[in-house]
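Engineer: Take this structure, written in structure tokens, and hold onto it; I'll ask about it next.
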Amino acid sequence: MSAPSPAGGTERDAPPLSRLRSKHLLSAADLNAEEIVLLLDTAEAMQEIGTRRIKKVPALRGKTVVNLFLEPSTRTRTSFEIAEKRLSADTLNIAGSASSLVKGETLADMARTLEAMAPDLLVVRHAYSGACDLLARICDARVVNAGDGMHEHPTQALLDAFTIRAHKGSIAGLKVAIVGDLLHSRVLRSNILLLRALGADVWLCGPSTLMLPGSDRFGVHATTAIDEAVADADVVMLLRVQFERMHGGFFPSVREYFEMFGITAERLRRARPDAIVMHPGPMNRGVEIASDVADGPDSVILEQVANGVAIRMAVLYLLAGVEADEVEP
């Protein structure tokens, strides 16, 4: 299966590629603009597979993928599993509670054990930043970061970019306002790197206690004034308040947080008339987003979930190194 030819949009003007440079996807920083376009274009081709009566192609037949999810997940884990099945890969799912980690085995020893069984790809979610990088140094298998601590979540950023491009045609020049718990968000870190690589004007907004330290190094705007962040935005992306990562008081109350930083229909009117509302999920309704906005006509939150399957199919397909002429979908 070959990726569709680039057409339209500044970020699609890059020379066409057929491979990724790295054997792993650990960070959005691993991808240059051309590789991001390749992934997005390949995902468009993969999206069509989901519309067929039989949603399966033999692209990864004979490849073994281990899903090592050592932190709770619904959307990411499920979409990776569906993506692997649609590509005909053999899959193995391991949860932390069902692994030898609970007996005291180290992550490195677990990785060596899995490596002895010769998997082709490892899809890893872990509570600690850098866990995926550790496994990439140990294993010959290709490693996909499905979220590591507060570090990164590159496939989420890819599906976000895919969703934005589907609605806006081009990402270059768009104002993207990212509002919420910036400090604890791995989604934010990957989105900054990826959206900036595609030329977006990224604005960050949240309480001063939850701002991202050193964000000025990434060429983004940072403000605690939500009206400034949302004004004339093309995209408003909300981030979940991650109470489970907080030790101490970061804001007085949930009610005050919602009043100061929650996206309501009234606040959204400051954005452009055709602005879209995004959220990586799971949502805290009444905290970072009002229900009428989450379920309203500007919301593309469920589209993000659906697009996650196509993006993860593209990531697995390209990392597996399948030649375009090897597969007839």
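Engineer: Restricting to the range 202-223, and then to whatever is touching a residue at least 40 places away in the same chain (Cβ under 8 Å) and assigned to a loop (DSSP other than H, G, I, E, B), can you tell me which residue is surrounded by the fewest Cβ atoms within 10 Å (Cβ to Cβ)?
Structural biologist: If we take residues in the range 202-223 being touching a residue at least 40 places away in the same chain (Cβ under 8 Å) and assigned to a loop (DSSP other than H, G, I, E, B), then PRO207 is surrounded by the fewest Cβ atoms within 10 Å (Cβ to Cβ).
Engineer: Does GLY199 qualify as being open to solvent by 10 Å² or more (accessible area, probe 1.4 Å) and farther than 11 Å from MET237 by Cβ?
Structural biologist: Taking the combined requirement at face value, the residue satisfies it.
Engineer: Write out, first by first residue and then by second, each pair whose Cβ atoms fall under 9 Å of each other, whose residues are 6+ apart or on separate chains, and whose first residue, in the range 305-329, is at positive phi while the second is modelled with pLDDT under 95 and open to solvent by less than 50 Å² (accessible area, probe 1.4 Å).
Structural biologist: GLY321/LEU20
Engineer: Give the residues of the range 24-71 that are within 29 Å of GLU115 (Cα to Cα), in contact with a helix residue (DSSP H, G or I) (Cβ under 9 Å, 6 or more places away or on another chain) and free of Cβ contacts under 8 Å to residues at least 40 places away in the same chain, sorted by residue number.
Structural biologist: Result: GLU35, LYS56.
Engineer: On the given criteria, is ILE138 touching a helix residue (DSSP H, G or I) at 6+ places or on another chain (Cβ under 9 Å) and in the same structural domain as PRO280 (by TED's automatic domain parsing)?
Structural biologist: Details: touching a helix residue (DSSP H, G or I) at 6+ places or on another chain (Cβ under 9 Å): yes; in the same structural domain as PRO280 (by TED's automatic domain parsing): no.
So ILE138 does not fit the description; no.
Engineer: Out of all the residues in the range 175-188, which are crowded, with 22+ Cβ neighbours inside 10 Å, of a type outside the set (Val, Ile, Thr) and touching a residue at least 60 places away in the same chain (Cβ under 8 Å)?
Structural biologist: Matches in the range 175-188: ALA177, GLY180, ASP181.
Engineer: Looking at the range 112-129, is at least one residue outside any loop (DSSP other than H, G, I, E, B), open to solvent by 10 Å² or more (accessible area, probe 1.4 Å), free of Cβ contacts under 8 Å to residues at least 24 places away in the same chain and of a type outside the set (A, V, I, L, M)?
Structural biologist: Yes, some residue in the range 112-129 is outside any loop (DSSP other than H, G, I, E, B), open to solvent by 10 Å² or more (accessible area, probe 1.4 Å), free of Cβ contacts under 8 Å to residues at least 24 places away in the same chain and of a type outside the set (A, V, I, L, M).
Engineer: Assuming SER170 fulfils every condition listed in (1) assigned by TED's automatic domain parsing to the domain that holds THR223; (2) under 15 Å from the mean Cα position of the chain (by Cα) apart from one, which condition is it?
Structural biologist: Failed condition: (2).
Engineer: If the requirement is being modelled with pLDDT under 95, open to solvent by less than 50 Å² (accessible area, probe 1.4 Å), more than 29 Å from GLY199 (Cβ to Cβ) and in a loop (DSSP other than H, G, I, E, B), which of these qualifies: SER73, SER88?
Structural biologist: SER73
One line per residue, one yes/no per condition, for (1) hydroxyl-bearing (Ser, Thr, Tyr); (2) modelled with pLDDT of 90 or more; (3) not in a strand (DSSP E or B):
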residue	(1), (2), (3)
ALA233	no, yes, yes
MET237	no, yes, no
ARG255	no, no, yes
MET260	no, yes, yes
GLU266	no, yes, yes
ARG270	no, yes, yes
PRO280	no, yes, yes
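Engineer: When you scan the range 133-146, do you find a residue that is under 17 Å from the mean Cα position of the chain (by Cα), within 30 Å of THR223 (Cβ to Cβ) and open to solvent by 20 Å² or more (accessible area, probe 1.4 Å), even just one?
Structural biologist: So far as the range 133-146 goes, no, none of its residues is under 17 Å from the mean Cα position of the chain (by Cα), within 30 Å of THR223 (Cβ to Cβ) and open to solvent by 20 Å² or more (accessible area, probe 1.4 Å).
Engineer: Taking the criterion of being among the polar types (S, T, N, Q), touching a strand residue (DSSP E or B) at 6+ places or on another chain (Cβ under 8 Å), at pLDDT 85 or above and under 18 Å from VAL315 (Cα atoms), would at least one residue in the range 47-60 satisfy it? Don't jump to the end; show me each part of the working.
Structural biologist: The first filter runs over the range 47-60 and keeps only residues among the polar types (S, T, N, Q), leaving 47, 51.
Now restrict to residues that are touching a strand residue (DSSP E or B) at 6+ places or on another chain (Cβ under 8 Å): none.
No, there is no match, as no residue in the range 47-60 is among the polar types (S, T, N, Q), touching a strand residue (DSSP E or B) at 6+ places or on another chain (Cβ under 8 Å), at pLDDT 85 or above and under 18 Å from VAL315 (Cα atoms).
Engineer: Kindly provide the set of residues from the range 287-326 that are at pLDDT 95 or above, open to solvent by 10 Å² or more (accessible area, probe 1.4 Å) and not in a helix (DSSP H, G or I), ordered by number.
Structural biologist: Once the filter is applied, which keeps residues that are at pLDDT 95 or above, open to solvent by 10 Å² or more (accessible area, probe 1.4 Å) and not in a helix (DSSP H, G or I), the range 287-326 yields ALA290, ASP295, GLY296, PRO297, ASP298, SER299.
The values are calculated or read from the model by the stated rules, or taken from the named source; none is laboratory data. A quick note: this is a predicted structure, and the numbers were derived from the prediction, not measured. Please note: Cβ atoms are built from the backbone with ideal geometry, for glycine as well, and neighbour counts cover all protein chains shown. Only protein heavy atoms, including side chains, enter the accessible area calculation; ligands, DNA and RNA are left aside. Shrake-Rupley method; radii C 1.70, N 1.55, O 1.52, S 1.80 Å.
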